[in-house]
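The values are calculated or read from the model by the stated rules, or taken from the named source; none is laboratory data. From a predicted model like this one, the values you see are computed outputs, not experimental measurements. Please note: Cβ atoms are built from the backbone with ideal geometry, for glycine as well, and neighbour counts cover all protein chains shown. The area values use the complete protein model at the heavy-atom level, side chains included, leaving out ligands, DNA and RNA. Shrake-Rupley method; radii C 1.70, N 1.55, O 1.52, S 1.80 Å.
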Amino acid sequence: MNVDLLTILKALADETRLRALRAVSMSEMSVAELVWILGVPQSTVSRHLKPLRDAQLVEARRNGTSVLYRRGPAYQDASLSGLLDRRLSELPGATQDRASVHRMLEARKAESRAFFERMAGSYESLTEPGGGWAALAQAMAVGLSGMDVADLGAGEGALSVIAARFARRVYAVDQSPAMLGEISRRAGLLSLDTNISLVSGDLEALPLPDASVDVAFLSQALHHAATPSLAIMEAARILRPGGRLVILDLASHEHEWVREQFADHWLGFTDEQLSAWCEAAGLVVRCCERVPGSSKELPVTFFFAEKHSTPKRKNKS
Ligand SMILES: C[S@@+](CC[C@H](N)C(=O)[O-])C[C@H]1O[C@@H](n2cnc3c(N)ncnc32)[C@H](O)[C@@H]1O
């Protein structure tokens, strides 16, 4: 506290100031809200806030174009806050003022509730969930905490770097040295390079040991593989028992132009193809559904399958 005791005591020597102090100690609030709670003119509130601010009992915080008042450093000081909290609650009118603050907070909640009641069903026309799909993906990646993850056909590494914040290790596998270089650059910028292993290799002959990861992603990579069933077989091999394979790929389509524009080898896959390849690789299909893609013409299949938690016994012959 770098304000002298006399300044603090002088600031406290007024009933309206004590009421204002009690109100802002319950919640940050604007001058207009203080006017409503204390039932005094705006000029009176502003006049009384000045000595409270000088004594650092109250401080102002900008919130866009509005200014909110809250407890200042002198009020936060442990030696003073205990005493003030106790004595302010004993002042005459404390119950009514407290009730007014609660009504004001209820009004704020009601405003927010009314807005979302109106917007239900059309909120996502205003903004993307999570404030942006990248932010949402980052939040969901918390679920990868402590896991070993393979990003197969990692490309520029968007998924790898999102996963690497939480996963124990991410193996970013790609055939292209230029793509691996880009992942390295991104990981370095985010100081995530120690959690990401760059792996140069082929989806159909992964240079990773059996049962070495908990989750494997094939995100928009399978339609580039020469033999997709082999890539799925390899992904299943590196999964630990109980591990998961997540596939994001294009649903079967007929847009030949993707061959030239994106070097796609396969025009997406049917649900039956993906399921049959996963089952042949010893995986149990858990989910297969369509999600909107970045292009309306090319819907995406979200697919995930699990490896048996105990290896299947082989039949004796
Ligand atoms: C379309 S990008 C996908 C990037 C990223 N996973 C995503 O979801 O946006 C496909 C990536 O798979 C890689 N790829 C294609 N075939 C591959 C193969 N047989 N072995 C390893 N990587 C391969 C390409 O080099 C490319 O970086």
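A 1.4 Å probe over all protein chains sorts Thr301, Thr127 by accessible area into Thr127, Thr301, starting with the largest. Over the chain, Cα pairs under 8 Å with separation of 6+ residues give a relative contact order of 10 percent. Taking the chain as a Gaussian network of alpha-carbon nodes connected by springs under 10 Å, the highest mean-square fluctuation of the residues Ala236, Ala107, Ala167 belongs to Ala107. Relative to the longest principal axis of the Cα atoms of the chain, the long axis of helix 15-26 makes an angle of roughly 10 degrees.
The simple Förster model, with R0 at 41 Å and r as the Cβ-Cβ distance, assigns Ser66 and Ala158 a FRET efficiency of 0.65. Computed over the chain with a Gaussian network model linking Cα atoms closer than 10 Å, the most mobile of Val173, Val285, Val101 is Val101. Between Ala280 and Phe302, the contour length at 0.36 nm per residue exceeds the alpha carbon distance by 6.0 nm. Relative to the longest principal axis of the Cα atoms of the chain, the long axis of helix 177-189 makes an angle of roughly 20 degrees.
Once both labels are positioned 7 Å from their Cα atoms along Cα-to-Cβ, the gap between Ser79 and Asp4 label points is 1.6 nm. Here the relative contact order of the range 253-311, from alpha carbon pairs under 8 Å that lie six or more residues apart, stands at 27 percent.
Net length available on complete extension from Thr310 to Ser89 is 73.2 nm, with 0.36 nm assigned per residue and the Cα-Cα distance removed.
FRET efficiency for the pair Ala211 and Val142, taken as 1/(1 + (r/R0)^6) with r the Cβ-Cβ distance and R0 = 22 Å, rounds to 0.35.
Charged side chains reduced to their Cβ positions (Lys and Arg at +1, Asp and Glu at -1) give the range 266-308 a dipole of some 120 debye around its Cα centre. Per residue of the chain, the DSSP helices (runs of n ≥ 4 H) give a summed -39500 (n - 2.57) that works out to -13000 deg cm²/dmol at 222 nm. Using Cβ point charges alone (K and R +1, D and E -1), the dipole size of the chain about the Cα centre works out to roughly 1640 debye. Result for the chain in a Gaussian network model with C-alpha springs under 10 Å: among Gly188, Gly268, Gly39, the largest mean-square fluctuation is at Gly39. Among the protein heavy atoms, those of Arg103 account for about 130 Å² of accessible surface (1.4 Å probe, every chain in place).
Here's the picture: charge each Lys and Arg Cβ at +1 and each Asp and Glu Cβ at -1 in the range 180-293, and of Ala280, Val258, Leu206 the one pushed furthest to the positive end of that dipole is Leu206.
Assuming R0 = 22 Å, what is the FRET efficiency of Asp54 and Thr16, from their Cβ-Cβ distance, to the nearest 0.05? The pair Asp54/Thr16 has a calculated efficiency of 0.90.
Annotation for Ala110 and Ser252: the two label points, set 7 Å from Cα along the Cα-Cβ direction, are 5.8 nm apart. Counting only DSSP beta bridges with both residues in the chain, the antiparallel share comes to about 55 percent. Any chance you could give the angle, 0 to 90 degrees and rounded to 10, that helix 271-280 forms with the longest Cα principal axis of the chain? So the helix axis and the longest Cα principal axis differ by about 70 degrees. With a 1.4 Å probe rolled over the protein heavy atoms of all chains, the accessible area of Thr194, Thr44 falls in the order Thr194, Thr44, largest first.
Sorting Cys287, Cys278 on solvent-accessible area from highest to lowest, probe radius 1.4 Å, gives Cys287, Cys278. Considering only Val161, Leu245, Leu222, whose Cα is most displaced toward the positive end of the charge dipole of the chain, charges sitting on Cβ of Lys, Arg (+1) and Asp, Glu (-1)? It is Val161, whose Cα lies furthest towards the positive end. The dipole here belongs to the range 1-76: it is taken about the Cα centre, uses +1 on the Cβ of Lys and Arg and -1 on the Cβ of Asp and Glu, and is about 80 debye. Of all aspartates and glutamates in the structure, the ones whose alpha carbon falls short of 18 Å from that of Lys109, not counting any fewer than 8 places away in one chain, are Glu28, Glu33, Glu117.
Computed on the range 23-116, with alpha-carbon pairs under 8 angstrom and 6+ residues apart, the relative contact order is 28 percent. Value of Rg to Rh for the chain, rounded to two decimals, is 1.23; Kirkwood radius and Rg both from alpha-carbon coordinates.
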